[in-house]
Amino acid sequence: RHEMIDHARLVMRDNDRGTYTVPTHGLYPFQWNWDSALSALGFSHFDEARAWQELTTLMAHQWADGMVPHIIFHRPDDGYFPGPEVWGTGHTPPTSGITQPAVAGFAVARIHARAHDKVLADEQARALLPKIHAWHQWFYRCRDPQGTGLVAVLHPWETGRDNSVDWDAAFERVPTEGVAPFTRRDTTHANPAHRPTDDQYKRYIWLVQTFRALGWDNSKLHDASPFQMVDPGFNAILIRSCNDIADLAERLGLDDIAVQSRDMARRGLDAMETLWNDRLGQYACLDRTTGDLLDSPSIGGILAAFAPIPKARAAALSQRVEVLSHSCNYLVPSHDPTSPDFEGLRYWRGPVWLIVNFMIADGLEQAGETAMVPRIVGDCLALIEDSGFAEYHDPITAEPCGGAHFTWTAAMVIELLY
Ligand code: DGY
């Protein structure tokens, strides 16, 4: 155990750039939004000040409208595509123009709750909460213009689950015409068989070019996008963060934030019910452009356990994880291994991700549905022991995939072992 923690700390130290961490050297040489928030959990066990710094740096690059970008390009590095010139957001330092799962609110609340330095924690939480709250309000204002209670993502990169099977049908409607020629860089750092396809990349870039042509104006992007996906996992993270910062704001006497956050969480939770897919026995994505509830058995619908969903739903998701345990060796695969679309090595089409496992396990535990939790946690540690601190792993063979020496993987090991 001590050896594993020491190794994890070494990984985090190597990727530490002083005020922020990079996910891994080479493949991802900048600051990523949800990577940072989850990595802060790891830091908080051995350096609380550094954990707060990670979150403070992230929130310092919030846009005036409340959006918190998914990449902050602190220092130039031409080893990554698409770089600042492709995004063209006009920010200094440059940032991307889309967001990522709103896990920062949860991270602030969790780190505050277990902080040893209470004075520092109160001071940091007071500074961070208004910013995180403005981000949450941005989500419901700009990504739920009809007031359904659920937000849509406009780009697969926003979910973090870049090449999930969930997007396949919708991506058929995202064109590739007019995409400027480009050279991918990710496939020089990672095995191309573990990464999205060239065809998917063209569509990713088509969306970026289209949003850029609209001046990254978030009052226009939602309705203009041919890709509007309501992802249960993404919404669950936002709901959990709203609920957790409502608790924390109450404790700190920040009454407006508390009341408004509780209200957003409640409306989100009510609306989550519309994403329940009885046939799959889990939540599923809703394609807002067609109105279809998808039949895709991906991890997005299980990650919904992270929100304070009704007890019966949490029990059903625990049961779903149990069923998945019969078709893989390491829980929780990002796509159902019995589905014909499953690919064990390819990014979000099958591999296991420790960060997702952590959120599912935490949610099930909060709900009192603990039957599968030891198995999920045990599988995380077994993967690291067998195959190292990889970005993700094959759920059947444990083969390490994507980038190596990965910050948030290390952070999760620390979080699970402490
Ligand atoms: C990438 O470049 O693969 C990232 O996931 C996009 O944020």
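The values are calculated or read from the model by the stated rules, or taken from the named source; none is laboratory data. This one's a predicted model, so the numbers in the text were calculated from it and none came from an experiment. When we count neighbours, we look across all protein chains shown, and the Cβ atoms used for this are built from the backbone with ideal geometry, even at glycine.
Restricted to helices (runs of 4 or more DSSP H) entirely inside segment 204-301, those with at least 2 residues that are more than 16 Å from the ligand (Cβ to nearest atom), out of contact with any helix residue (DSSP H, G or I) (no Cβ under 8 Å at 6 or more places or on another chain) and at pLDDT 95 or above are 255-272.
Of the candidates 221, 248, 238, 254, the single residue that is aliphatic (A, V, I, L, M) and either surrounded by fewer than 15 Cβ atoms within 10 Å (Cβ to Cβ) or over 21 Å from residue 106 (Cβ atoms) (or both) is 221. When residue 173 is tested against (1) among the charged types (D, E, K, R); (2) within 16 Å of the ligand (Cβ to nearest atom); (3) within 26 Å of residue 295 (Cα to Cα), exactly one condition is not met: (2).
Just one of the numbered conditions (1) of a type in the set (Asp, Glu); (2) farther than 30 Å from residue 256 by Cα; (3) away from the ligand (no atom under 14 Å from the Cβ) is not true of residue 198: (3). Of the helices (runs of 4 or more DSSP H) entirely within segment 324-418, those holding at least 3 residues that are surrounded by fewer than 21 Cβ atoms within 10 Å (Cβ to Cβ) occupy 354-366, 373-387. Going by the structure shown, is residue 176 touching a helix residue (DSSP H, G or I) at 6+ places or on another chain (Cβ under 9 Å), modelled with pLDDT of 95 or more, over 14 Å from residue 207 (Cβ atoms) and polar (S, T, N, Q)? When the stated conditions are applied, residue 176 does not pass them. Return the total of residues in segment 302-320 being over 18 Å from residue 265 (Cα atoms) and either in contact with a His (Cβ under 9 Å, 6 or more places away or on another chain) or touching a residue at least 24 places away in the same chain (Cβ under 8 Å) (or both). Going through segment 302-320 one residue at a time, the tally reaches 7. Remark: pairs (first residue in segment 54-78, under 13 Å from residue 92 (Cβ atoms); second residue among the polar types (S, T, N, Q) and not in a helix (DSSP H, G or I); Cβ separation under 7 Å; 6+ apart in sequence or on different chains) = 61/95; 69/95; 69/96; 69/99; 72/31; 72/95; 73/95; 74/31. Is it the case that residue 73 is within 15 Å of the ligand (Cβ to nearest atom) and of a type in the set (A, V, I, L, M, F, W, C)? When the stated conditions are applied, residue 73 passes them.
Matching residues to (1) surrounded by 24 or more Cβ atoms within 10 Å (Cβ to Cβ); (2) more than 23 Å from residue 73 (Cα to Cα); (3) hydroxyl-bearing (Ser, Thr, Tyr):
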{"position": "89", "(1), (2), (3)": "no, no, yes"}
{"position": "99", "(1), (2), (3)": "yes, no, yes"}
{"position": "106", "(1), (2), (3)": "yes, yes, no"}
{"position": "132", "(1), (2), (3)": "yes, no, no"}
{"position": "146", "(1), (2), (3)": "no, yes, no"}
{"position": "160", "(1), (2), (3)": "yes, no, no"}
{"position": "166", "(1), (2), (3)": "yes, yes, no"}
{"position": "172", "(1), (2), (3)": "no, yes, no"}
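State whether one or more residues within segment 66-86 are surrounded by fewer than 22 Cβ atoms within 10 Å (Cβ to Cβ), in contact with a Lys or Arg (Cβ under 9 Å, 6 or more places away or on another chain) and in a helix (DSSP H, G or I). Yes: segment 66-86 contains one or more residues that are surrounded by fewer than 22 Cβ atoms within 10 Å (Cβ to Cβ), in contact with a Lys or Arg (Cβ under 9 Å, 6 or more places away or on another chain) and in a helix (DSSP H, G or I). For residue 49, the conditions (1) within 16 Å of the ligand (Cβ to nearest atom); (2) farther than 26 Å from residue 203 by Cβ; (3) of a type in the set (A, V, I, L, M) all hold with the exception of (1).
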